[in-house]
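Structure first, then comments.
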Amino acid sequence: MDDLMWVEKYRPSSLAELVDHETIKRRLQALLQKKEQLPHLLFAGPPGSGKTATAVIIARLILGEQWRDYTLSLNASDERGIDVVRERIKTFARYTDRREGVPYRLVILDESDEMTADGQTALRRIMEEYSAHTRFILICNYSSGIIEPLQSRCAIFRFQRLDEASVTGHLAQIAKKERLKHAGDAVFGAIYEATQGDLRQAINLMQAASASGELDMDSVKSVSGATAKSRVAEIIGTALDGDFEGARTKMVELTRVYGVPERDFLKYANEALGALKVPDMARAITILAEYDYRLVQGSQPELQLTAMLAQLSALKGKGD
Ligand SMILES: Nc1ncnc2c1ncn2[C@@H]1O[C@H](COP(=O)(O)OP(=O)(O)OP(=O)(O)O)[C@@H](O)[C@H]1O
Ligand SMILES: [Mg+2]
């Protein structure tokens with residue numbers, strides 16, 4: 001076994017290799033019949049479902065092996081300012097290649113729902129200005145984070161969380177190729193349970209759980225527990241740092257997307273507090289205990305955890 005990350009090693013390089021998403025694949029294939037008329041595309045859906053992978057496959061299908069030379073990949077959340085985005089897109093889209101096999105250039109804009117509304121409005125103009133020689137693929141988790149005028153300029157593809165059979169089947173294939181010793185197909189089911197249709201996370205979990213040599217229920221359990229635990233610790237750290245929005249976003253992702261139960265969240269949060277330097281430890285623990293009680297009472301869990309993070313964030317600046 002080599003050191004390569006399996007998510008990279010087994011990244012799909014053609015639509016045929018892409019697991020699940022049958023309707024999406026069919027629609028894309030139909031659109032690609034007439035490359036020149038391809039509209040801008042918007043991919044929306046949960047993490048690890050193959051949006052970025054699909055965008056790269058399309059780039060390959062349109063531009064061939066030289067796709068990298070004619071594709072600009074931007075991560076909207078890295079390059080926050082619209083000025084930077086505009087400059088980079090302008091510089092890139094200015095070229096009008098009339099080269100064999102290059103009908104237009106591609107801009108892949110990942111996490112485009114993280115752009116501000118102003119940024120998106122500017123983007124809309126840029127798209128219009130350069131659409132003769134450029135196509136955009138916008139990628140986001142929630143299409144509701146994309147302004148209406150942008151949505152209406154794109155063909156929208158909604159990616160769903162992968163279903164259990166697709167995930168377990170894919171894991172079984174990788175296990176076979178890696179010649180993994182494993183304790184039967186039930187382990188794949190357990191990995192699916194822990195990752196809820198996020199194939200990236202499922203593959204990562206399988207790789208981590210088999211690092212010791214054998215893939216079995218125990219190793220799956222201990223690895224998935226550990227990752228949830230360390231993520232909660234990170235979220236608590238973020239909150240105590242005063243970054244309420246950051247903490248809240250990560251918490252929602254962890255509970256909604258990864259399905260970590262709210263009570264577990266509090267249990268891990270309590271453990272994490274012990275390891276952190278908190279100026280007002282007593283107050284922090286009181287806050288946790290209070291929300292633990294509310295959850296037992298059956299209050300709306302996400303709202304409660306959000307309120308808890310708000311209170312923890314507010315501690316910042318009071319103790320020091
Ligand atoms: N439908 C799929 N078929 C095959 N492999 C997949 C699929 N979805 C995800 N994967 C695997 O997971 C990895 C991550 O997928 P990808 O980066 O495309 O997810 P994403 O939807 O863009 O997620 P994010 O929203 O977090 O960016 C891929 O490299 C691949 O190994
Ligand atoms: Mg992605």
Any chance the stretch 190-208 includes a residue that's on the phi < 0 side of the Ramachandran plot, in contact with an Asp or Glu (Cβ under 6 Å, 6 or more places away or on another chain) and buried (at least 20 other Cβ atoms within 10 Å of the Cβ)?
yes
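Considering only the stretch 2-17, state which residues are touching a Leu at 6+ places or on another chain (Cβ under 9 Å) and surrounded by 13 or more Cβ atoms within 10 Å (Cβ to Cβ). Don't jump to the end; show me each part of the working.
To start, the set of residues in the stretch 2-17 that are touching a Leu at 6+ places or on another chain (Cβ under 9 Å) comprises 7, 12, 14-15.
Those that are touching a Leu at 6+ places or on another chain (Cβ under 9 Å) and surrounded by 13 or more Cβ atoms within 10 Å (Cβ to Cβ): V7, P12, L15.
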Open to solvent by 60 Å² or more (accessible area, probe 1.4 Å) and modelled with pLDDT under 90: does that describe R248?
no
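Restricting to the stretch 18-64, give me the number of residues that are within 16 Å of ligand 1 (Cβ to nearest atom), surrounded by fewer than 13 Cβ atoms within 10 Å (Cβ to Cβ) and over 26 Å from R256 (Cα atoms).
Restricting attention to the stretch 18-64, the residues satisfying the condition of being within 16 Å of ligand 1 (Cβ to nearest atom) are 18-29, 41-61.
Pick out the ones that are also surrounded by fewer than 13 Cβ atoms within 10 Å (Cβ to Cβ) and you get 22-23, 26, 29.
Okay, now just the ones that are also over 26 Å from R256 (Cα atoms), so 26, 29.
Matching residues across the stretch 18-64 total 2.
Hey, does the stretch 65-81 have a residue that's open to solvent by less than 50 Å² (accessible area, probe 1.4 Å), away from ligand 2 (no atom under 16 Å from the Cβ) and in contact with a helix residue (DSSP H, G or I) (Cβ under 7 Å, 6 or more places away or on another chain)?
So the first thing to find is which residues in the stretch 65-81 are open to solvent by less than 50 Å² (accessible area, probe 1.4 Å), and the list is 67, 70-72, 74-77, 79, 81.
Of the ones still in play, those that are also away from ligand 2 (no atom under 16 Å from the Cβ) are 67, 70, 81.
Checking which are in contact with a helix residue (DSSP H, G or I) (Cβ under 7 Å, 6 or more places away or on another chain) leaves us with 67, 70.
Yes: one or more hits.
The values are calculated or read from the model by the stated rules, or taken from the named source; none is laboratory data. Everything numeric here is computed off the predicted structure, so don't read it as measured data. Neighbour counts are summed over all protein chains in view; Cβ atoms, including those assigned to glycine, are modelled from backbone coordinates with ideal geometry. To get the accessible areas, we keep the full protein, side chains included, count just its heavy atoms, and leave off ligands, DNA and RNA. Shrake-Rupley method; radii C 1.70, N 1.55, O 1.52, S 1.80 Å.
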